[in-house]
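The values are calculated or read from the model by the stated rules, or taken from the named source; none is laboratory data. None of the values given here were measured: they were computed from a predicted structure. A quick note on method: Cβ atoms are made from the backbone with ideal geometry, for glycine too, and the neighbour counts reach across all protein chains shown.
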Amino acid sequence: MEEEPLSKDWLIGFIEGEGNFNVALSNKKDNPNYPFDIYPMLQFRIFLREDDLNALNKIREFLGVGRIYKKKTEYNRRMGFRAKDQYVYCISHSKELLKLKEIITPTTFHTKKAKDREIFFKILDLKVNKKHLTLEGNEQIINLAKMMNSGMRENFKIKLNNGQKS
């Protein structure tokens with residue numbers, strides 16, 4: 001039996017259920033030439049178990065960007081959890097994220113993930129337009145990132161170069 005190719009509607013539903021729009025606020029030491037203490041790294045990710053790896057391959061093929069890697073959960077197992085390794089589909093390069101934006105922005109999301117998608121792509125636009133290299137742009141990105149993931153970062157405090165807390 002021949003498998004049907006993925007549809008855009010299926011992909012959007014899958015992203016709403018399993019996708020993750022992440023803005024990692026990385027320490028400057030990871031990017032020493034960056035002018036501020038915190039460097040924003042954007043990642044779109046989908047985590048699935050090995051028995052669903054085929055779905056990640058289809059998504060990567062459909063979008064034509066990103067990579068898949070194995071995320072080992074040795075630490076969790078050592079801590080006594082019955083964790084299985086996962087596979088992660090990840091897009092982190094700005095050019096590839098712009099392609100993802102082009103494909104999924106004109107569609108409607110029906111979950112709270114709509115807010116994360118909107119903020120994520122706002123931050124992407126700021127980075128693409130080099131606004132993250134200005135103090136104002138960097139602070140705007142940090143404030144936007146704190147609003148993501150259902151406000152789970154509301155207590156997140158960082159020290160800016162000027163010594164003030166954000």
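Give me the residue from region 1-60 that is basic (Lys, Arg) and in contact (Cβ under 8 Å) with a residue 40 or more places away in the chain and, out of that set, nearest to Lys130 (Cα to Cα).
Here the answer is Arg45.
For region 39-148, which fully contained helices (runs of 4 or more DSSP H) count at least 1 residues that are surrounded by 18 or more Cβ atoms within 10 Å (Cβ to Cβ)?
Counting at least 1 such residues, we get 53-63, 94-104, 113-128, 135-146.
Sort out which residues of region 1-31 are modelled with pLDDT under 90 and either in contact with a helix residue (DSSP H, G or I) (Cβ under 7 Å, 6 or more places away or on another chain) or over 19 Å from Ser92 (Cβ atoms) (or both), and write them in order of number.
Met1, Glu2, Glu3, Glu4, Pro5, Leu6, Leu25, listed by residue number.
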